[in-house]
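Engineer: Input: one structure, supplied below.
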Amino acid sequence: MRRSNLALVLRHLRDAGSRSRARIAVETGLNRGTVSSLIAELIDRGLVSEGDVERGGSVGRPGQTVELDGRGIGGIGVEINVDYVTAVVLNLTDEVVFEHRVALDVQALPADAVLDAVTELAIRALAACDEQEITPVGMTLAVPALVDTDDGVVAFAPNLHWTKVDAVSGLRRRLDRPGFAIQVDNDANLAALGEFAMGSRAGTADLVYLTGETGVGGGVMVDGRLLRGAAGFSGEIGHMPLNPGGDLCGCGRRGCWETMVGLAALLRMAATPDDPVCDPSLDLEQRLSVLRDRADAGDPRTLDALKLVGEALGLGASILVNVFNPRVLVLGGYFASLGAYLLDPMLAELHARVIAPDACEVALSTLGFTAAARGGAHVALEAVLDDPTLVAVRHRA
Ligand SMILES: [Zn+2]
């Protein structure tokens, strides 16, 4: 009972912001003495701190406010993608306290070697937590894959060439950190949760997120909840067969949307295979900035490729908008980096094909290539919001 009341008060402070104990009591329906005692415990656990004096409040006398603190608590998100591995550490207020990306040609490596690289990066993130006196509470791995989240198994990741990789137990064994929670989820799902929590359209209850990477995935938020499907495999929008008989997809089928708008499709149209922009050992954002520079300089091949991808993006997006009627469609990954060139042809196609008036807003992600890792870190921190007693009471001087 006390544990769930601690969680109730902590979540309320996160969602509603700094306020007085009296106001928390009124808004949560708990009595004032209980709230004071819960707040005292949350302060002892380093999750809440005293704020300013509340002025002009409608409830009771002006009082000392309290606010979510959690600077000493960290959640780790690590994303594996085709060209890179990224780690992000967030504190409980969703501030980034560590971020690092390593270029890695994941397709050329066996899964064990990739998990070794993830472990190395996780150890760096854990060291950063130690340096900043942050207690890490857990880690979420984001993978472009069908994921069995209950068992921690990557069932099928076509673009990584992974089938049935026991990622969570592999990482648990390597990190050897008893009590440290590790989970795995689909990258687009985590990115959608990240956008919902801290993106430029945070809190938008009906939101569709599209990842633009080698793979194209989707995370669909309906009424503030992630749509997962019967077996947890929803959102595989990159494999909508929009050009049956077209190019071969990483999934083994032909003409998937991904073969038209994935990063590989763009690079194939915009450059020759020996062009450095196609070299997976170079940093992806640098490669994209080269493409952007070429587009800025008016290079016809680059501009034609971006126009074709933009149109194909609008074609597939129109299906999603017709099905889900989202308030906002957030474009992530390379779709955001090259959004200045993709957006016009995309919107023209979208508006021509969406049946509802005032088709949804299309926004470029401000979280860039860190959206999935941030979402993963955020999800790791959710455990503390569910059960604040996971964080030990600090020794008082
Ligand atoms: Zn496919």
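Engineer: Quick one: what are the phi-derived ³J(HN,Hα) couplings along segment 206-218, Karplus 6.51/-1.76/1.60 with θ = phi - 60°, whole Hz, x for glycine and proline?
Structural biologist: 10, 9, 10, 10, 10, 8, x, 9, 4, x, 10, x, x
Engineer: Where both residues lie in the chain, what percent of DSSP beta bridges are antiparallel, nearest 5?
Structural biologist: Once the DSSP bridges in the chain are tallied, antiparallel ones form about 65 percent.
Engineer: Now, a different point. In Å and whole numbers, how far do the C-alpha atoms of segment 107-252 stretch along each principal axis, longest first?
Structural biologist: Projected onto its principal axes, the Cα set of segment 107-252 covers 51, 38, 25 Å.
Engineer: Okay, moving on. If eta is 1.306 mPa s and T is 10 °C, what Stokes-Einstein diffusion coefficient results for segment 154-218, Kirkwood Rh from Cα pairs, in µm²/s?
Structural biologist: 114 µm²/s
Engineer: Let me ask something else. Dipole of the chain, Cα-centred, from +1 at each Lys and Arg C-beta and -1 at each Asp and Glu C-beta, to the nearest 20 debye?
Structural biologist: Taking the Cα centre of the chain as origin, the dipole is about 1220 debye.
Engineer: Right, next: Below 8 Å, C-alpha to C-alpha, sequence gap of six or more: please give me the relative contact order for the chain in percent.
Structural biologist: 18 percent
Engineer: Assign unit charges at the C-beta atoms only (+1 for Lys and Arg, -1 for Asp and Glu), then state the dipole size of segment 96-218 relative to its Cα centre in Debye, rounded to the nearest 20.
Structural biologist: Charge dipole of segment 96-218: 40 debye, to the nearest 20.
Engineer: Would you mind telling me the antiparallel percentage of the DSSP bridges in segment 112-221, rounded to 5?
Structural biologist: Of all bridge pairs located within segment 112-221, approximately 65 percent are antiparallel.
Engineer: Is any helix in the chain, taking whole DSSP H runs, at least 24 angstrom long along its axis by alpha carbon and on average at least -1.0 on the Kyte-Doolittle scale, and which ones?
Structural biologist: The qualifying helices are 111-131, 300-324.
Engineer: Let me ask you something else. Could you line up Arg21, Arg173 from fewest to most neighbouring Cβ atoms inside 10 Å?
Structural biologist: Ranked by crowding around the Cβ, least crowded first: Arg173, Arg21.
Engineer: Here is a further query. Helix-only estimate, please: 222 nm mean residue ellipticity of the chain, summing -39500 (n - 2.57) across DSSP H runs of length 4 or more and dividing by its residues, to the nearest 500.
Structural biologist: -13000 deg cm²/dmol
Engineer: Farthest toward the dipole's positive end in the chain, which of Val321, Leu282, Gly72, given Cβ charges of +1 (Lys, Arg) and -1 (Asp, Glu) about the Cα centre?
Structural biologist: Gly72
Engineer: Using a 10 Å cut-off around each Cβ, can you sort Met139, Met1 from fewest to most neighbouring Cβ atoms?
Structural biologist: By the 10 Å Cβ count, ascending, the order reads Met1, Met139.
Engineer: Would any residue of segment 149-172 have its amide N under 13 Å from a label point 7 Å out along Cα→Cβ of Ile123? List them or say none.
Structural biologist: Within reach of a label on Ile123, which here means backbone N under 13 Å from a point 7 Å along Cα→Cβ, segment 149-172 contributes nothing.
Engineer: Related question: I'd like to know which of Val82, Val26, Val96 lies farthest towards the positive end of the charge dipole of segment 19-134, counting +1 on Cβ of Lys and Arg and -1 on Cβ of Asp and Glu.
Structural biologist: Val26
Engineer: P(r) of segment 231-322 in 10 Å steps, Cα pairs, percent per bin?
Structural biologist: Once binned at 10 Å, the Cα pair distances of segment 231-322 give 16, 41, 33, 9, 1.
Engineer: Please list, ordered by chain and number, the residues whose modelled amide H lies under 5 Å from the amide H of Asn81; skip anything fewer than 5 residues away on the same chain.
Structural biologist: Those lying under 5 Å, H to H, from Asn81 are Thr86.
Engineer: Taking the convex hull of the alpha carbon atoms in the chain, what volume per residue do you get, in Å³?
Structural biologist: Convex hull of Cα atoms, per residue: 165 Å³.
Engineer: Sticking with this structure for a sec: Taking only C-alpha pairs under 8 Å that are 6+ residues apart, what is the relative contact order of segment 256-312 in percent?
Structural biologist: In percent, rounded to a whole number, it is 43.
Engineer: When the Kirkwood radius is taken over all Cα pairs of segment 9-122, what Stokes-Einstein diffusion coefficient follows at 37 °C and 0.692 mPa s, in µm²/s?
Structural biologist: Stokes-Einstein gives a translational diffusion coefficient of 197 µm²/s.
Engineer: A further question on this structure: Using the reciprocal of the averaged 1/r over all distinct C-alpha pairs, how large is the Kirkwood radius of segment 334-383 in Å?
Structural biologist: It is 13.0 Å.
Engineer: Another one. If you wrap a convex hull around the alpha carbons of segment 269-397, what volume per residue comes out, as a whole number of Å³?
Structural biologist: Enclosed volume per residue, from the Cα hull, is 179 Å³.
A short reminder: the numbers here are calculations on the coordinates, not readings from a lab. Please read all numbers here as calculations on a predicted model, not as lab measurements. Cβ coordinates were reconstructed from backbone atoms using ideal geometry, including for glycine residues, and neighbour counts include every protein chain displayed.
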